[in-house]
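Nothing in this text is a laboratory measurement; each read-out follows from the coordinates by a stated rule. Remember, it's a predicted structure, so these values are computed and weren't measured experimentally. Here the Cβ positions follow ideal geometry from the backbone for every residue, glycine too, while neighbour counts run over all protein chains shown.
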Amino acid sequence: MASTRFFALLWLLFASALLSLVNAGGKTHHHDFVIQATPVKRLCKTHNSITVNGQFPGPTLEVNNGDTLVIKITNKARYNVTIHWHGIRQLRSGWADGPEFVTQCPIRPGGSYTYRFTIEGQEGTLWWHAHSSWLRATVYGALIIRPREGESYPFQKPKRETPILLGEWWDANPIDVVRQATRTGAAPNNSNAFTINGQPGDLYNCSSKDTVVVPIEVGETNLLRVINAALNQPLFFKIANHKLTVVSADASYTKPFTTDVLMLGPGQTTDVLITGDQPPARFYIAARAYQSASASFDNTTTTAILQYKSAPCSSTNCAATKPVMPQLPAFNDTATVTAFSRSFRSPRPVEVPTDIDENLFFTIGLGLNRCPTKFNSRRCQGPNGTRFASSMNNVSFVLPSTISILQAFQQRIPGVFTADFPANPPVKFDYTGNVSRSLWQPVPGTKGYRLKYGSRVQIVLQDTNIVTPENHPIHLHGYDFYIVAEGFGNFNPKTDTKKFNLVDPPLRNTVAVPANGWAVIRFVADNPGAWLMHCHLDVHITWGLAMVFLVDNGVGELQTMQPPPEDLPLC
Ligand code: C2O
């Protein structure tokens, strides 16, 4: 009798242990990232680039939904660094999000910090990058999340999967480029090349022999995971003679649609299926600028080669035959961008938040700071002796320097930020018309907007015509949001609200807000912490196009932030 009870107890213990294993679900992946200067040769010249483990681009992380990542960063470079896991929800684990002075102080040269987080309910392609100054020019890599073990993609199983990281290369030290811009107030120098998986490709000097080759075979269907990791440039992406079927973006599945061209703002990812349905040969994969602003830009084209394994040229004589080149859209082809972005839908009807608690309207755009007349003119080399600026609702965001916003929020430390970010622009004006010069100068500030746990938020993101209109890729940390509508001109609540897609809008972490237009996003504030929202053009973050949401804890442990890790860097 006693022994039956004993075995029953043993069984119960065993079963509950098993259950907790199943609940925890995934595996834990440990990685070491050493941030270090590494000689990298591109465009005929070698630079001492900051890399992870000497690799450029950095290592690809491959995990399954439900897995935990433990990544130790050791900083052996001469710059402060942090790493951001772009698009990871970081539920309750905001300490691992990464933007410097927002969720942590930077990891100093010689220091280290271990990021720990679990992937909960996300599948598809994300990426990681440095979130400190312009280090992400060379410090970035892919983060691939496959379905849970035993589960499959909601589309045809691809034969091969290839990450395609689009990057931007300066024939200079990117940190010097941004420092010079900050000093002078002028726009930073344009890049000298775009890259595919770190290589500029055939059309640049000294680059042909390293051009990336992407294999395909007749009849097979492959998955390309395209990531725009460029610093400052939205990019068109096209492959000669092949159609692309979009199946996912920003690690959320989409209703599949077919297109011959993609546009990705920096920060965005797009997964596409491609079928080997052409006579075996070599085809260029190409990317170049979508430029919506009136400003100078890098107008070069990066290429890789889609090569059929049975192509008549063997690896020895392929160099003699030129691959087929796709015709890319014109640099300013906004119509193509609009048609593309309006094709996105969620795969099935979704629960879009309604009964909105927080109805917010944020202007986004550039500005110019006037200089005092006797001001050092070397510091005022922007248009007409000004300094470039940018803002949301006329607040030009300034990072703190003594402690992170998240620490100050959690520990109620005053004097670091104020929670008075305006819900609406301080003045209403014709945002996309001819804006009076008196409205061109933003006000600097470290302002957050407080959200109650669980509040349902709508934000109208309205581009302005100040200095220049521009397509801004707006990225929100810690959340995915539904893009319920986009349009041109000034958002009109009376007429535009009727056009909202509240049935199957796409879920993303970065929205490309149309130039001289607007986009409306919705999300539920169910993740406590301090979450940066910013333009993913790094030059615009440098100028202040950012703000922070401060989301309160809810009720109980599952709605409360985890305590800060012991090794959280100090300022
Ligand atoms: Cu991909 Cu705040 O960044």
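Among the cysteines of the chain, CYS535 have no other cysteine beta carbon within less than 4.7 Å of their own. Among DSSP beta bridges lying fully in the chain, give the percent that are antiparallel, nearest 5. The antiparallel fraction comes to roughly 70 percent.
Distance from the Cα centroid of segment 419-457 to that of segment 209-250 is 37 Å (rounded to whole angstrom).
In the chain, helical runs assigned H by DSSP with n ≥ 4 each contribute -39500 (n - 2.57); averaged across all residues and rounded to the nearest 500, the mean residue ellipticity at 222 nm is -3000 deg cm²/dmol. Considering all different alpha carbon pairs of segment 208-249, the Kirkwood hydrodynamic radius works out to 13.2 Å.
Judged by the mean number of other Cβ atoms found within 10 Å, the most tightly packed of the peptides 105-114, 125-134, 327-336 leads the ranking 125-134, 105-114, 327-336. For the peptides 550-560, 274-284, the ranking by mean Cβ contacts within 10 Å, running from highest to lowest, is 274-284, 550-560. Taking a ≥ b ≥ c as the square roots of the eigenvalues of the Cα gyration tensor of segment 358-559, is the shape rounded (a/c under 1.5), prolate (a/b larger than b/c) or oblate? Oblate is the answer for segment 358-559, as a/c is 1.5 or above yet b/c matches or exceeds a/b.
If only the Cβ of Lys and Arg carry +1 and only the Cβ of Asp and Glu carry -1, the dipole of the chain around its Cα centre is close to 940 debye. Rg and Dmax of segment 155-346, based on Cα coordinates, read 17.1, 55 Å. Which distance in Å, rounded to a whole number, links the C-alpha centroids of segment 484-542 and segment 24-94? That distance is 28 Å.
Inverting the pair-averaged 1/r between distinct Cα atoms of the chain gives 24.6 Å as its Kirkwood hydrodynamic radius. Sorting 386-394, 28-36, 501-509 by average packing, meaning the other beta carbons within 10 Å per residue, from highest down gives 386-394, 501-509, 28-36.
In units of the compact-protein estimate 2.2 N^0.38 Å, segment 249-343 shows a Cα radius of gyration of 1.28. DSSP finds beta bridges in segment 155-346, and of those with both partners inside it, around 75 percent are antiparallel.
The aspartates and glutamates whose alpha-carbon is closer than 16 Å to the alpha-carbon of LYS27, local same-chain residues fewer than 8 away aside, are GLU62, ASP67, GLU120, GLU123, GLU149, GLU151.
Filter the cross-link list LYS157/LYS309; LYS41/LYS243; LYS159/LYS255; LYS45/LYS322 down to pairs whose alpha-carbon distance in this structure exceeds 28 Å. From LYS157/LYS309; LYS41/LYS243; LYS159/LYS255; LYS45/LYS322, over 28 Å: LYS41/LYS243.
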